[in-house]
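The values are calculated or read from the model by the stated rules, or taken from the named source; none is laboratory data. All values reported here derive from a predicted model rather than from experimental measurement. Note: ideal-geometry Cβ built from the backbone for every residue, glycine included; neighbour counts use all protein chains shown.
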Amino acid sequence: MVLTLTAIDYIIIASFAFLLLLYKVVRDWYGTRDVPRRIDEKAAELLREEGYRVLARAAVKFIDFDIEGKVHRQKGKADLVVRRGIKKYVVEVNARDSGSVRNADIRRRILEYKIAFAPHGIITVDMDRERMRIIKINSRRWLNTVLALGAAAALGAVIYLFVRYLR
């Protein structure tokens, strides 16, 4: 049995490829502030030396909260967004030892980063000591990704079989 692809088959395959590409572009879309701080540029250079690739400086993502039917938009800002391999990190750049995780404001900001940017972890960089720490928040994000991928594959298979059956 030889499987031959028709024009509809190619359209379906191209549609899935386009949607995957669109998802990857939209997922990593960042707004930026006008000018990143000078300390952020120094931190970016430090991270490059450690093998990270800088994706965005002064990145902005929006979080929408629905409170009793009224939508409130909150702007989430990150100093830097970097990638190492397939893992994405949000970078919090601090000076004068203000970046302790014991600080309640820093903990709130870390949770904001997790919601807005969905990174693998958060890197805090102390520029006074030129020291960096990686903070990982354990969540079941990978499970959601696997379930979404499975649902998309199943839907694609159903659509494909339905179109094949109609011919």
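Filter region 108-136 for residues that are under 20 Å from Gln74 (Cβ atoms), out of contact with any Asp or Glu (no Cβ under 8 Å at 6 or more places or on another chain) and either crowded, with 17+ Cβ neighbours inside 10 Å or not aliphatic (A, V, I, L, M) (or both) and give the result.
Those that are under 20 Å from Gln74 (Cβ atoms), out of contact with any Asp or Glu (no Cβ under 8 Å at 6 or more places or on another chain) and either crowded, with 17+ Cβ neighbours inside 10 Å or not aliphatic (A, V, I, L, M) (or both): Arg108, Glu112, Lys114, Ala116, Phe117, Pro119.
Just to be sure I understand the filter: pairs with C-beta atoms under 8 Å, separated by 6 or more residues or on different chains, first member in region 104-127 and basic (Lys, Arg) and assigned to a helix (DSSP H, G or I), second member surrounded by 18 or more Cβ atoms within 10 Å (Cβ to Cβ) and modelled with pLDDT of 85 or more. Which pairs pass?
Close Cβ pairs satisfying both conditions: Arg109/Glu92; Lys114/Ile122.
Output the residue which, of all residues in region 128-167 that are of a type in the set (Val, Ile, Thr) and closer than 29 Å to Arg48 by Cα, is modelled with the highest pLDDT.
Looking at the filtered set, the residue picked out is Ile134.
What do you reckon, is Ile134 among the hydrophobic types (A, V, I, L, M, F, W, C) and assigned to a helix (DSSP H, G or I)? Walk me through it before giving the result.
Numbers: among the hydrophobic types (A, V, I, L, M, F, W, C): yes; assigned to a helix (DSSP H, G or I): no.
The answer is no for Ile134.
Taking the stated definitions as given, is Val71 at pLDDT 85 or above, in contact with a strand residue (DSSP E or B) (Cβ under 6 Å, 6 or more places away or on another chain) and surrounded by 14 or more Cβ atoms within 10 Å (Cβ to Cβ)?
Spelling it out, it is not the case that Val71 is at pLDDT 85 or above, in contact with a strand residue (DSSP E or B) (Cβ under 6 Å, 6 or more places away or on another chain) and surrounded by 14 or more Cβ atoms within 10 Å (Cβ to Cβ).
Tell me which residues, restricted to region 6-18, are surrounded by 12 or more Cβ atoms within 10 Å (Cβ to Cβ) and of a type outside the set (Ser, Thr, Tyr).
Within region 6-18, Ile8, Asp9, Ile12, Ile13, Phe16 qualify.
Consider region 4-21. How many of its residues are more than 20 Å from Ala154 (Cβ to Cβ) and either assigned to a helix (DSSP H, G or I) or at pLDDT below 80 (or both)?
Looking only at that region, the number is 5.
I'm told Trp142 meets every condition in (1) exposed (fewer than 14 other Cβ atoms within 10 Å of the Cβ); (2) over 23 Å from Ile86 (Cβ atoms) except one. Can you identify the failing condition by its number?
Failing condition for Trp142: (2).
Filter region 137-167 for residues that are within 25 Å of Asp79 (Cα to Cα) and not in a helix (DSSP H, G or I) and give the result.
Ile137, Asn138, Ser139
In region 44-85, which residue that is of a type in the set (Asp, Glu) and free of Cβ contacts under 8 Å to residues at least 40 places away in the same chain is farthest from Thr124 (Cα to Cα)?
Residues of region 44-85 that are of a type in the set (Asp, Glu), as a first pass: 45, 49-50, 64, 66, 68, 79.
Now restrict to residues that are free of Cβ contacts under 8 Å to residues at least 40 places away in the same chain: 45, 49, 64, 66, 68.
Details: Glu45: 14, Glu49: 16, Asp64: 25, Asp66: 30, Glu68: 35 Å.
Going through the qualifying residues, I end up with Glu68.
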